[in-house]
Every structure is written in structure tokens, then in C-alpha cells.
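Everything below concerns the one structure shown next.
The values are calculated or read from the model by the stated rules, or taken from the named source; none is laboratory data. Everything quoted here is computed from the prediction, not taken from an experiment. Glycine also receives a Cβ, built like all others from the backbone with ideal geometry; neighbour counts cover every protein chain displayed.
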Amino acid sequence: MPSLSVERICQFLTHRYLTLFTRLALGGVFIFAGVAKLGQLQGFLCLVNKYEILPHSLAQIYGYVLPPLEVAVGVFLVLGLLLRITSSVSILVLISFVIAKGMAFARGMELPCGCFGEVAVILGSQTLVLDFFLIALAFQILFHRGEFFALGPWLKRRRALKSTPP
């Protein structure tokens, strides 16, 4: 039976199809989550306040900024634009979810996560595994940044071709 070598694992983790799948999966989740929250923004704002982590004014800002940010990050990931930045932002957003859910869980609060608005109501403690999985996907994009079916590198090459004299 062949053993898994570090080289084979690295080849797998940097395979262009894996990175494409990772971008599409993470981007799709972010787009879906952001659009679902935008459709029920007042309910989401109320839920952010129920977590009692941020002062009311900051919770309102977070609640208003998060859904369009999720949609933008998702679109950029799917299109393959600014992959280092968008994967970093997605990691930060996901870490904020883990912190909020962890603090609520530690205080004995069982609140819905609000991840997908009212489209899919799931308890925050049940989605922690999903958050860590999504963070792993974001790190895979951050470290690999595959150029396969990505608009960012293509646009960069086009710009470079236009700027070189004939």
C-alpha cells in the first residue's frame, strides 16, 4: 500500500482543480449567505445584537456591512479576483463568526447562527465545524491562489501586454 508522502499531499493541496473547487465552494457559500441576510436585514441586525458582544452601534454597523461584504467576497472568489485579499477577508469574517458563536456558547446562549438568514435556521454551536472547514478552504486559496479559470491573473497579463511598446 503506497504511503502518503508530504510531496503528494502538497501536490494535492495545490492542484488547480482543487483550488478552483475551493474558490467556487467558498465563494458560493459567501454569496448565498450574504444574499439571504440582505433579504431579511432587520432580523439579522436584531440577531447580531442578541449575541451581546459588540456595543449596539458597532453591532448595527457590523450587521449592515456584513451581508454586502459577504456577497462581494463571494463574487471575487468565484471570479478569481484579488484572491489573496478576498481569502484573507473571508478568514477574518469566519474568525469573527467563530468568536461570536464561541462566546455565546460559553455563556450558555443557544442562538441561531444567522449564517443564512431565515433561509436555513441553524444553531450557532452546530455551525462551528462548518466555520472551521470554510476557514481551511480559505487558507488553501490564500496559500495557493491558483490561476486556473481566474480573471485576476488574466487581467494582469492583458494590462501588461497593453503597457509594453510594440
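Overview of values
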| item | result |
| --- | --- |
| Test result for Leu77, under 18 Å from Val35 (Cβ atoms), under 11 Å from the mean Cα position of the chain (by Cα) and not polar (S, T, N, Q) | yes |
| Criterion violated by Val73 - all others in (1) among the hydrophobic types (A, V, I, L, M, F, W, C); (2) under 30 Å from Pro153 (Cβ atoms); (3) surrounded by fewer than 19 Cβ atoms within 10 Å (Cβ to Cβ) satisfied | (3) |
| All helices (runs of 4 or more DSSP H) inside the range 77-166 with 1 or more residues being more than 26 Å from Gly43 (Cβ to Cβ) and at pLDDT 85 or above | 83-106, 128-144 |
| Residues located in the range 26-43, provided they are farther than 18 Å from Ser87 by Cβ, in contact (Cβ under 8 Å) with a residue 12 or more places away in the chain and surrounded by fewer than 18 Cβ atoms within 10 Å (Cβ to Cβ) | Val35, Leu38, Gly39, Gln40, Leu41, Gly43 |
| Residue in the range 98-111 that is on the phi < 0 side of the Ramachandran plot, free of Cβ contacts under 8 Å to residues at least 24 places away in the same chain and either among the polar types (S, T, N, Q) or touching a Gly at 6+ places or on another chain (Cβ under 9 Å) (or both) present | yes |
| Elements of type helices (runs of 4 or more DSSP H) in the range 1-52, at least 1 residues being over 13 Å from Glu118 (Cβ atoms) and modelled with pLDDT of 85 or more | 16-39, 41-50 |
| Tally, over the range 53-70, of residues that are under 27 Å from Leu155 (Cβ atoms) and not in a helix (DSSP H, G or I) | 0 |
